[in-house]
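Here's the structure, in structure tokens; my notes come after.
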Amino acid sequence: MIQKRLFVLLLCGLALVTPAAAQVLKGQILGAITDQSGAVVPGVKLTITETRTNFQRTVDTNEAGNYFFVNLDPGDYRVEAEKQGFSKTLRTGVELQPNTTARVNFELVPGAVTQTVDVSATATPLLQTDRADTGGKIEAAQLVNMPMLYNRNYQGLLVLVPGVGRPSRQHSEFYNSHDSLSVRVNGQGRQFNNFQIEGIENKIDNGNLTALVPPAEAIETVDVSTSNFDPEFGNAGGAVTNVTLKSGTNDFHGSLFEFHRNENIQARNTFAVTKAPTVYNQFGGTLGGRILRDKLFFFGDYQGSRDHLGQVNRGTLPGAAFRSGSMSAGGSAIYDPLTGNASGGARTAFAGNIIPASRISPISRRILGFVPDPNLAAAEGQVNYQAEQRAD
């Protein structure tokens, strides 16, 4: 089967791509076939079916009774085992994720091939015996149901993986407009991480930023390998994080979402007397389905953000007394510059430390006209002005 995906990164962009064959995107299903006595059974025909796209592959067990399906796309699989003299055995609900190995063993029961034994799914083993790498996975259910800080960036959930430190937002908003987050893994610097999307390197500026942060609704799973990862990963001393996007299936599916935040649910600055108007609105949707049943599929997503950041600026401005020439609140004597000798001595102080109105430069008066008056009650020289500012 030739499976293709349409992935829409922007509303105006539509791309048809074929899944890459890199192991980082793939998984494998393997197992052993025995009879009721525990003896291995060679020559058993195994068939796997991806239930959402009807993709199928078959293989026979080897002389040791083992079978292997490698280089598989992530998905929900059904595994069937059949051989003459035994009942057909079926296992459903095999969830295969990227960079994982699913072990499905069968014990065949004597009987006719027309009879089917449906084996219920067993619990996931606590000890991983088919792989040497360590790490963790963030699944779509966690992305949808868990609270996500940092403007719903999936990187905020990387702390669920052992060895990953608390995410942080680095650099300025101008430089980091996509809101990329940084993490330290196993004590390594943040530049030592390798972020990928569908197996393609997804970082810029020597790993300082992630180039593309897809919306949570478009992500199928996030695979994080923190040590002993396979050679094809490479270029990482901390962790390799690979994002796999959702894909189309035979059934049409989609979602709509909107998340809104404003200043009414935010705390006021400790020293401010008001809160600046702040709005962050994130919205979008996803849509996937089939173009040709069992052959060609599409999936697209769109996300928009409206970010209006409100800020409260506080400062010290000249008050009415200062503007009129009164320096009496300063505590220091103000001398008339037109008095005294050439060495600066024998100067005469202004009476009451008040500069006469006739001695104030008209240029200075003009400049002071552009400076706003204080709007907070405070002594001269203290913080007496506050203004709200909104950046769109």
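The values are calculated or read from the model by the stated rules, or taken from the named source; none is laboratory data. No experiment lies behind these values; they were computed from the predicted model shown. Every residue, glycine as well, gets a Cβ built from its backbone with ideal geometry; the counts of neighbours run over all protein chains shown.
For segment 102-110, the criterion of being crowded, with 18+ Cβ neighbours inside 10 Å, outside the structural domain of PRO231 (by TED's automatic domain parsing), under 29 Å from the mean Cα position of the chain (by Cα) and modelled with pLDDT of 85 or more is met by at least one residue.
Contact map, segment 346-357: first residue on the phi > 0 side of the Ramachandran plot, second residue part of a helix (DSSP H, G or I) and of a type in the set (S, T, N, Q), Cβ cut-off under 9 Å, separation 6 or more or different chains; pairs are GLY352/SER328; ASN353/SER328. Within segment 274-304, the set of residues being in contact with a strand residue (DSSP E or B) (Cβ under 6 Å, 6 or more places away or on another chain) and either assigned to a loop (DSSP other than H, G, I, E, B) or over 20 Å from SER255 (Cα atoms) (or both) comprises ALA276, PRO277, THR278, VAL279, TYR280, LEU296.
For segment 366-388, the criterion of being at pLDDT below 90 and of a type in the set (D, E, K, R) is met by at least one residue. Taking the criterion of being part of a loop (DSSP other than H, G, I, E, B) and without any contact (Cβ under 8 Å) to a residue 12 or more places away in the chain, the residues of segment 130-170 that qualify are MET146, PRO147. Looking only at residues in segment 50-68 that are among the acidic types (Asp, Glu) and assigned to a strand (DSSP E or B), the one that is surrounded by the fewest Cβ atoms within 10 Å (Cβ to Cβ) is ASP60.
Residue count for segment 329-376 under the criterion of being assigned to a helix (DSSP H, G or I), among the charged types (D, E, K, R) and more than 30 Å from GLU388 (Cα to Cα): the result is 1. The single condition from (1) closer than 15 Å to ALA387 by Cβ; (2) surrounded by 14 or more Cβ atoms within 10 Å (Cβ to Cβ) that GLY288 fails is (1).
Of the residues making up segment 213-233, those that are within 21 Å of ASP73 (Cβ to Cβ), at pLDDT 90 or above and in a loop (DSSP other than H, G, I, E, B) number 1. Exactly one residue out of PHE259, PHE229, PHE252 is over 24 Å from GLY304 (Cβ atoms) and aromatic (Phe, Trp, Tyr): that is PHE229. Residues in segment 15-49 that are of a type outside the set (S, T, N, Q), modelled with pLDDT of 60 or more, more than 24 Å from PHE229 (Cβ to Cβ) and not in a loop (DSSP other than H, G, I, E, B): 7 in all.
So for segment 193-203 (the condition being closer than 27 Å to PHE299 by Cα and outside the structural domain of ALA141 (by TED's automatic domain parsing)), does at least one residue qualify? Scanning segment 193-203 turns up no residue that is closer than 27 Å to PHE299 by Cα and outside the structural domain of ALA141 (by TED's automatic domain parsing). From the list PHE259, PHE271, which one is on the phi < 0 side of the Ramachandran plot, assigned to a loop (DSSP other than H, G, I, E, B) and loosely packed, with under 15 Cβ neighbours inside 10 Å? Testing whether each residue is on the phi < 0 side of the Ramachandran plot, assigned to a loop (DSSP other than H, G, I, E, B) and loosely packed, with under 15 Cβ neighbours inside 10 Å leaves just PHE271. Pairs meeting the criteria (first residue in segment 225-236 and within 13 Å of GLN188 (Cβ to Cβ), second residue assigned to a loop (DSSP other than H, G, I, E, B) and among the β-branched types (Val, Ile, Thr), beta carbons under 9 Å, at least 6 apart or on different chains) are THR226/VAL161. What is the residue count in segment 176-206 for residues that are crowded, with 17+ Cβ neighbours inside 10 Å, at negative phi and either touching a helix residue (DSSP H, G or I) at 6+ places or on another chain (Cβ under 8 Å) or in a strand (DSSP E or B) (or both)? Here the count works out to 11.
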